[in-house]
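The values are calculated or read from the model by the stated rules, or taken from the named source; none is laboratory data. Remember, predicted model here, so these are calculated numbers, not experimental data. Cβ sites come from the backbone with ideal geometry, for glycine too, and all protein chains shown count toward neighbours.
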């Protein structure tokens, strides 16, 4: 596996008496699209601000590119591009002029050719002369990503980049991030409160809730298709259980709620279970699937 780009260890931060982050730890490796997943208020933005040295944590350790943050701030931040919450621009200036201004502010030596190439990469070619005030929300998000790319960073940190986007806008941002990984070899930390968003783009992730990291690992393993809760809406759940007990282990039979029988089975068994029920004259009105991790995450969100 490639080297670690981010190492966060037992991070904690309070604001007066409010605990924003209590104990967050995770690792991000070179080449990852890393999902930083948690409900609103879980401590994601606070953790990101600490990683960018915008705030000082009360406890814990942050290493970026193998270097401790407090003593290597300049060297570290020069290798990071970020959007925290939402990008801000001068609405009376064009996209091109905005990027020129941000390049000067950052002190980066960015040529007009580089700005033009970056605008084309994020899909804004042909609109670069338009005032940003006339841009849609999705276009502003893409311009924000262009801003993060001006100094060719190794790590890109995005805090809820899909907030407020319509479905097409979300797809555009997702495709752009995959381009950054596959074509530009960027490492990306993507903060979100939406599990499906992380599932579609990330290869690794951590879930945090109430200021603590709960689970971390490979997305494909955490969202293993064999690890499902499958709900069958039937006319006679008790009869359905009697039928299925002849074919399935006891641990696969879950609970009954309002004539909905929950089973812990994998995708390949769904048609077979349906057939067993129909053959035994149990009427099936609907089938729904939910990953156990999704159910767990929803409990975190709603607790």
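Out of everything in the range 193-202 that is in contact (Cβ under 8 Å) with a residue 24 or more places away in the chain and out of contact with any strand residue (DSSP E or B) (no Cβ under 6 Å at 6 or more places or on another chain), what residue ends up being surrounded by the most Cβ atoms within 10 Å (Cβ to Cβ)?
So the residue we want is 195.
Could you please find all residues in the range 64-82 being out of contact with any strand residue (DSSP E or B) (no Cβ under 9 Å at 6 or more places or on another chain) and part of a helix (DSSP H, G or I)?
73, 74
Any residue at all in the range 93-111 that's in contact (Cβ under 8 Å) with a residue 40 or more places away in the chain and in contact with a strand residue (DSSP E or B) (Cβ under 7 Å, 6 or more places away or on another chain)?
no
Here's a check for you: in the range 262-275, which residue that is out of contact with any helix residue (DSSP H, G or I) (no Cβ under 7 Å at 6 or more places or on another chain) and not in a helix (DSSP H, G or I) is surrounded by the most Cβ atoms within 10 Å (Cβ to Cβ)?
262
Checking residue 45 against (1) in contact (Cβ under 8 Å) with a residue 24 or more places away in the chain; (2) in contact with a strand residue (DSSP E or B) (Cβ under 8 Å, 6 or more places away or on another chain); (3) crowded, with 17+ Cβ neighbours inside 10 Å; (4) over 30 Å from residue 298 (Cα atoms), which test does it fail?
(4)
Being loosely packed, with under 15 Cβ neighbours inside 10 Å and in the same structural domain as residue 25 (by TED's automatic domain parsing) narrows it down to one of 159, 172, 152, so name that one.
Within the list 159, 172, 152, the selection yields 152.
Identify all residues within the range 151-185 that are assigned to a loop (DSSP other than H, G, I, E, B), closer than 17 Å to residue 119 by Cα and in contact with a strand residue (DSSP E or B) (Cβ under 8 Å, 6 or more places away or on another chain); write none if there are none.
151, 153
With the requirement that a residue be in contact (Cβ under 8 Å) with a residue 24 or more places away in the chain and either not assigned by TED's automatic domain parsing to the domain that holds residue 86 or not in a loop (DSSP other than H, G, I, E, B) (or both), what does the range 117-129 give you?
Result: 118, 119, 121.
Every residue in the range 73-87 that is more than 15 Å from the chain's Cα centre (by Cα) and at pLDDT below 85, please.
86, 87
Does the range 130-143 include one or more residues that are under 21 Å from the mean Cα position of the chain (by Cα) and under 30 Å from residue 25 (Cα atoms)?
Yes, the range 130-143 contains a residue that is under 21 Å from the mean Cα position of the chain (by Cα) and under 30 Å from residue 25 (Cα atoms).
For the range 193-261, which fully contained strands (runs of 3 or more DSSP E) count at least 1 residues that are in contact with a helix residue (DSSP H, G or I) (Cβ under 6 Å, 6 or more places away or on another chain)?
204-209, 228-234, 253-257
For the range 182-192, which positions are touching a residue at least 60 places away in the same chain (Cβ under 8 Å) and buried (at least 21 other Cβ atoms within 10 Å of the Cβ)?
Result: 187, 188, 189, 190, 191, 192.
In this structure, does residue 132 turn out to be under 23 Å from residue 186 (Cβ atoms) and touching a residue at least 24 places away in the same chain (Cβ under 8 Å)?
no
May I ask you to verify whether residue 248 is more than 34 Å from the chain's Cα centre (by Cα), surrounded by 12 or more Cβ atoms within 10 Å (Cβ to Cβ) and at pLDDT 95 or above?
Taking the combined requirement at face value, the residue does not satisfy it.
Go through 85, 61 for me and flag whichever is in the same structural domain as residue 209 (by TED's automatic domain parsing), surrounded by fewer than 19 Cβ atoms within 10 Å (Cβ to Cβ), in contact with a strand residue (DSSP E or B) (Cβ under 6 Å, 6 or more places away or on another chain) and not in a loop (DSSP other than H, G, I, E, B).
From the options 85, 61, the qualifying one is 61.
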